[in-house]
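Accompanying notes for the structure given below.
Read-outs: derived from the displayed coordinates by stated rules, not from any lab. These numbers were taken from a predicted model, which means no experiment stands behind them. Neighbour counts run over all protein chains shown; Cβ positions are idealised from the backbone, glycine included.
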Amino acid sequence: MPQFWLEDFIPQLFWLVVAFALFYLLLSRVTLPRIAEVLEARQSRIASDLDKAERLQAEAREALASYEATLAEARNTAQTLLAERLAGVTAEADRKQAALAERLQKEATAAAERIAGSRERALADMSHVAAELAQSAVERLIGVRLGVAEARAAVAQGGGGGG
């Protein structure tokens with residue numbers, strides 16, 4: 001095998017060192033810097049993306065907090081308006097109910113007065129009718145004509161005038 005011949009061994013070592021040095025220079029000056037640049041760019045892009053994600057997440061948290069605060073404020077405002085409106089409606093209903101109760105009470109009192117007046121008139125008319133009936137009955141039964149005052153006295157004495 002020619003590789004193991006000793007007289008060719010020194011030139012082989014020389015070319016081995018030259019080839020190693022060329023590969024080393026090629027790798028250290030061209031290939032490895034490019035790989036390092038790619039890795040560095042990737043790392044910076046990842047860091048940038050992480051920073052952007054953290055910033056967006058913080059903005060999202062702020063937006064959520066703002067939304068929740070606005071929602072809570074809107075709820076409180078709605079509850080306040082609802083309570084005020086309910087109080088107003090309740091007060092209006094109470095006022096109308098009181099006015100209706102007062103009007104109904106007045107109407108009931110007026111109706112009771114009308115009924116009492118009608119009763120009084122009916123009783124007065126009944127007393128008058130009873131007196132005339134008594135006059136007529138006495139005249140037919142006994143044949144004696146009673147006066148109006150006597151007939152009314154007889155009806156009043158008999159309990160017809162009080163009802």
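Of the residues ALA19, ALA69, which is within 43 Å of the chain's Cα centre (by Cα) and either surrounded by 10 or more Cβ atoms within 10 Å (Cβ to Cβ) or outside any helix (DSSP H, G or I) (or both)?
ALA69
Determine the pairs where a residue that is farther than 11 Å from VAL155 by Cβ, located within the range 121-143, has a partner that is of a type outside the set (A, V, I, L, M) and surrounded by 14 or more Cβ atoms within 10 Å (Cβ to Cβ) with Cβ atoms under 8 Å apart, the partner being 6 or more residues away or on another chain.
Final answer for the pair search is LEU123/GLY161.
Test SER127 against the stated conditions and say whether it is in a helix (DSSP H, G or I) and either more than 30 Å from VAL148 (Cα to Cα) or of a type in the set (Val, Ile, Thr) (or both).
Judged against the criteria, SER127 is not a match.
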